[in-house]
Each structure stands twice: as structure tokens, then as C-alpha cells.
Amino acid sequence: MSDCLFCKIINNEIPSTKIYEDEKVLAFNDINPQSPVHILIIPKKHITSMNDFDETNIDILSHIFLVIKSIAKDKGLKEKGYRIVNNCGEQGGQTVDHIHFHLLGGRNMYWPPG
Ligand code: AMP
Ligand code: ZN
């Protein structure tokens, strides 16, 4: 998607601080961190939101969760814990229409979220 912010990050048209990359997935620091560790994990394939999660992309999303687990360990979050967030759609608070998972850690999290 040529006008998608995260596709531009994948294509290096917009800079990012990359944390992890393979042929299917990119992880980079959130530009407006909400916790000491705040990383976005995205598929390189453009998928708009969780509403587009189906049998055709099960592999990539399960791979993303293994990547998240690995990054959490690398960032020293495994023992104390962390939060994984997906915002879907307008009321879910999604502001970038390329599916992404937030990995948040390094401080106590609260519930319910805002
Ligand atoms: P969401 O509100 O769940 O759609 O999350 C979008 C996230 O993208 C927000 O946390 C933003 O801070 C983050 N963001 C927006 N632009 C950039 C960028 N250029 N580089 C890194 N993160 C970004
Ligand atoms: Zn995209």
C-alpha cells in the first residue's frame, strides 16, 4: 500500500529504529513511547487490522507472537512481565491502518486501559 505509513517504514521510505527484522516481520521502536520499552511489531505484508485476520494469514500472525516473545526476552521483560496490545478500528483506538502489536514493558501496567 503506497500511502500506508508502516509500509513506508518497511520500505525504508520513512526512518525507524529497527529492533528485529526477517522476511515476514519488522519490529521497531514506537515514536511516542508509553513505557520504557514500547516496540511495534508488524507483518511486512499489508494487513489492515484484526478484522482481516483469517486462515490466509494465520502463519504470519502466529510467527509475530513468537517474535514478540523473543523480543520480550531479549529486552529483559520475561521475568517481570509485559503487555501486548492490538488496537482495532476507530473505537479500539487504531490510528495506523496496518495491523500492529504494541509490546509494552519496563513499568507496572494498569487495568482497565484508557
Ligand atoms: P495505534 O494507535 O494502535 O494505531 O498505534 C499506532 C502507533 O504508531 C502509535 O503508538 C504511534 O506513536 C506510532 N507511530 C506513529 N508514527 C510512527 C513512526 N513514524 N514511527 C514509529 N511509530 C510511529
Ligand atoms: Zn501497510
Can you give the calculated 222 nm mean residue ellipticity of the chain, where each DSSP H run of n ≥ 4 adds -39,500 (n - 2.57) and the sum is split over every residue, rounded to the nearest 500 deg cm²/dmol? -6500 deg cm²/dmol
Under a 1.4 Å probe, what is the accessible area of the range 5-105 per residue, stated in Å²? 58 Å²
Accessible-area composition of the range 41-80, carbon plus sulfur, in percent [1.4 Å probe]: 51 percent
Once fully extended, how much extra length lies between Tyr110 and Glu90, figured as 0.36 nm per residue of separation less the alpha-carbon to alpha-carbon distance? 5.0 nm
Over the range 1-50: Rg over Rh, Cα atoms, Kirkwood Rh: 0.95
Using only Cα atoms, find the angle between the long axis of helix 58-74 and the longest principal axis of the chain, and express it within 0 to 90 degrees, rounded to the nearest 10. 30 degrees
Note, Asn29: beta-carbon cut-off 12 Å, +1 each Lys/Arg, -1 each Asp/Glu, net +1
Taking the Cα centre of the chain as the origin and placing charges on Cβ (Lys, Arg +1; Asp, Glu -1), which of Gly81, Ser62, Asn29 is farthest toward the positive end of the dipole? Gly81
Using Cβ-Cβ distances only, list the Cys residues of the chain with no partner cysteine under 4.7 Å, sorted by number. Cys88
Here D for the chain, in µm²/s, from Stokes-Einstein with a Kirkwood Rh over Cα pairs at 10 °C and 1.306 mPa s, works out to 109 µm²/s
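The values are calculated or read from the model by the stated rules, or taken from the named source; none is laboratory data. Here the structure is a predicted model, which is why all the values come from computation and not from measurement. Don't worry about glycine lacking a Cβ; one is built from the backbone with ideal geometry, like all the others, and counts go over all protein chains shown. We work out accessible area using only protein heavy atoms, side chains counted, and drop any ligands, DNA or RNA first. Shrake-Rupley method; radii C 1.70, N 1.55, O 1.52, S 1.80 Å.
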